[in-house]
Amino acid sequence: MASNSFFTLLLLTTSLSAVASFEFQVGGLKGWVVPPANDSKIYNDWASENRFKAGDTVRFRYKKDSVMEVTNEEYKRCNSTQPSFFSNTGNTVFQFNRSGTFYFISGASGHCEKGQRMIVKVMADDESSDSEKSSAVRTPISWLGIMKFVSASLALYIVF
Ligand SMILES: *[C@@H]1O[C@H](CO)[C@@H](O)[C@H](O)[C@H]1NC(C)=O
Ligand SMILES: *[C@@H]1O[C@H](CO)[C@@H](O)[C@H](O)[C@H]1NC(C)=O
Ligand SMILES: *[C@@H]1O[C@H](CO)[C@@H](O)[C@H](O)[C@H]1NC(C)=O
């Protein structure tokens with residue numbers, strides 16, 4: 001009985017983690033800031049170490065700054081005149097509503113040029129579920145992802 005329900009829990013947890021969407025905290029604890037001059041690629045390095053899926057969200061935390069989603073062309077030129085998304089609340093959650101590439105820049109003057117910009121490649125749903133390998137890589141790398149996973153497991157534990 002006990003081992004039976006444990007097995008059910010395990011199964012549920014596994015399937016839950018396969019469908020759950022994840023929240024990633026951009027830049028980890030430092031948040032969304034102008035990168036140091038000798039390390040201007042931090043955001044693209046960070047993004048390429050994570051696996052994003054449609055439905056996932058990214059959270060930007062910052063002070064006296066902003067987040068914009070722009071086109072590839074605007075990203076390259078740090079052109080902030082016509083973003084398709086803009087937020088300057090200091091705590092912005094952006095959800096990927098499709099697979100493909102998303103481009104983010106800071107809207108604060110001069111920040112994008114100093115490297116405060118990021119390219120995120122979002123996988124299609126079926127791309128991520130086709131092998132165990134990819135789901136292993138997807139297992140939360142970010143701190144918040146781990147928190148979510150833990151709380152999901154905990155919720156299940158309480159249910160049982
Ligand atoms: C950048 O410079 C800081 C301060 O001089 C140093 O601590 C850090 O290791 C350097 N980072 C890289 C990637 O070179
Ligand atoms: C910035 O982007 C807008 C819209 O895409 C465009 O009309 C404008 O010419 C661009 N400005 C520069 C300096 O590239
Ligand atoms: C995703 O959201 C953007 C901005 O709200 C919208 O323009 C676009 O049509 C949406 N794409 C899909 C596939 O829903």
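Miscellaneous remarks
- Across segment 73-95, the qualifying residues are those that are within 18 Å of GLY31 (Cβ to Cβ) and part of a loop (DSSP other than H, G, I, E, B), and the one among them that is nearest to ligand 2 (Cβ to nearest atom) is ASN88.
- Matching residues, segment 25-58, being closer than 24 Å to THR89 by Cβ, more than 16 Å from ligand 1 (Cβ to nearest atom) and crowded, with 18+ Cβ neighbours inside 10 Å: GLN25, VAL26, TRP32, ALA47, ASN50, PHE52, ASP56, VAL58
- Leading residue by the ranking (surrounded by the most Cβ atoms within 10 Å (Cβ to Cβ)) among those in segment 80-92 that are more than 15 Å from VAL122 (Cβ to Cβ), within 16 Å of ligand 3 (Cβ to nearest atom) and under 18 Å from the mean Cα position of the chain (by Cα): THR92
- Restricted to segment 36-79, and to residues there that are polar (S, T, N, Q) and under 10 Å from the mean Cα position of the chain (by Cα), the residue that is modelled with the highest pLDDT is THR57.
- Selection from segment 103-120 of residues that are away from ligand 2 (no atom under 16 Å from the Cβ) and either within 24 Å of SER21 (Cα to Cα) or not polar (S, T, N, Q) (or both): ALA108, HIS111, LYS114, GLY115, MET118, ILE119, VAL120
- Every listed requirement among (1) touching a Pro at 6+ places or on another chain (Cβ under 7 Å); (2) of a type in the set (Val, Ile, Thr); (3) more than 15 Å from ligand 2 (Cβ to nearest atom) is met by VAL70 save one, (3).
- Of note, TYR103 does not satisfy the criterion of being farther than 17 Å from VAL120 by Cα, crowded, with 17+ Cβ neighbours inside 10 Å, more than 16 Å from ligand 1 (Cβ to nearest atom) and of a type in the set (Phe, Trp, Tyr).
The values are calculated or read from the model by the stated rules, or taken from the named source; none is laboratory data. Computed from a prediction, not measured in an experiment: that's the story for all the values here. FYI the Cβ positions are ideal-geometry reconstructions off the backbone, even for glycines, and counts take in every protein chain you see.
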